[in-house]
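Input: a single structure, listed below in structure tokens.
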Amino acid sequence: MDQELINTIDHYIAGLVAPADEVLETTLQTSADAGMPQIHVSPVQGKLLHVLALLNGARRILEIGTLGGYSAIWLGRALPADGQLITLEHAARHAEVARANLERAGLADRVEVRVGDALTLMQQMIDAGTEPFDLVFVDADKESYRDYFQAALQLMRPGSVIVADNVIRRGAVLEATSPEPTVQAIQQFNAALAADPRVTATIMQTVGVKGLDGMAIAVVNR
Ligand code: SAH
Ligand code: DHB
Ligand code: MG
């Protein structure tokens, strides 16, 4: 594949539907300045999350893996004024940078960054009988994707949407006997998602500035 052409097309699409603004640019800059890995979703992927949240009329969103708040801003901007996004992050420094960025985005009133291990925080929400989320975005450590899926199912309602990033990994998932724990975990997540009778799922190959990867998108059956 011609990665240069793919990048040019991605920039073309972003210029049309996901142009950078000062808040998004500052978010990426402060994240880079803080020495965080630059593994946020691309602008066009951020816009996809935004559109999906609007499509299902999301009022409550759960994000697993905050980093500097880039994808949280795309999701948060799809919420109504009384909506809520809870985003889970175990690195205190990431959470701190993200909070400042969400504040700059004018979303501090509807986005809450919770610091801790995501699975532990999800179990706490399950135990507390937390109101279901309309959309869950899974984007933290790949080894835990299966556990995040099972926990998310207990935090969603019929019609809720679950989106998971990085489920193709440049095609690494094709290698049936990959020694990589992250690849094995993603393979098992993809198989579990596809086979689970509680959801209707698809996986979209994604090409663009982040290279070849994929996003899983599933809806909880009514
Ligand atoms: N969604 C972000 C990118 C997230 S990167 C965006 O697109 O802008 C993944 C994040 O998950 C990192 O910040 C990492 O610190 C966090 N993370 C990894 N393992 C975690 C865990 N077990 N619990 C909570 N957060 C975790
Ligand atoms: C990695 C993680 C991500 O969430 C991503 O979108 C890209 C790369 C990583 O851990 O390498
Ligand atoms: Mg990702």
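Annotations
- Where His50, His11 fall by accessible area, highest first, once all protein chains stay in place (1.4 Å): His11, His50
- For the chain, with all protein chains in place and a probe radius of 1.4 Å, 55% of the accessible heavy-atom surface sits on carbon or sulfur.
- 222 nm mean residue ellipticity, helices alone, for the chain (DSSP H n ≥ 4; -39,500 (n - 2.57); rounded to 500): -13000 deg cm²/dmol
- Sites Glu4 and Ile39 - FRET efficiency at Förster radius 22 Å, r taken between beta-carbons, to 0.05: 0.55
- Among Asp117, Asp10, the order of accessible area from largest down is Asp117, Asp10, computed with a 1.4 Å probe on protein heavy atoms.
- Surface per residue (accessible, 1.4 Å probe) for the chain, Å²: 47
- Heavy-atom accessible surface of Leu153, to the nearest 10 Å², is about 30 Å², with a 1.4 Å probe and all protein chains retained.
The values are calculated or read from the model by the stated rules, or taken from the named source; none is laboratory data. In this text, all values refer to a predicted model and were calculated from it rather than measured experimentally. Cβ: placed from backbone, ideal geometry, glycine included. Neighbour counts: every protein chain shown. When the accessible area is computed, the model is the full protein with side chains, heavy atoms only, and any ligands, DNA or RNA have been set aside. Shrake-Rupley method; radii C 1.70, N 1.55, O 1.52, S 1.80 Å.
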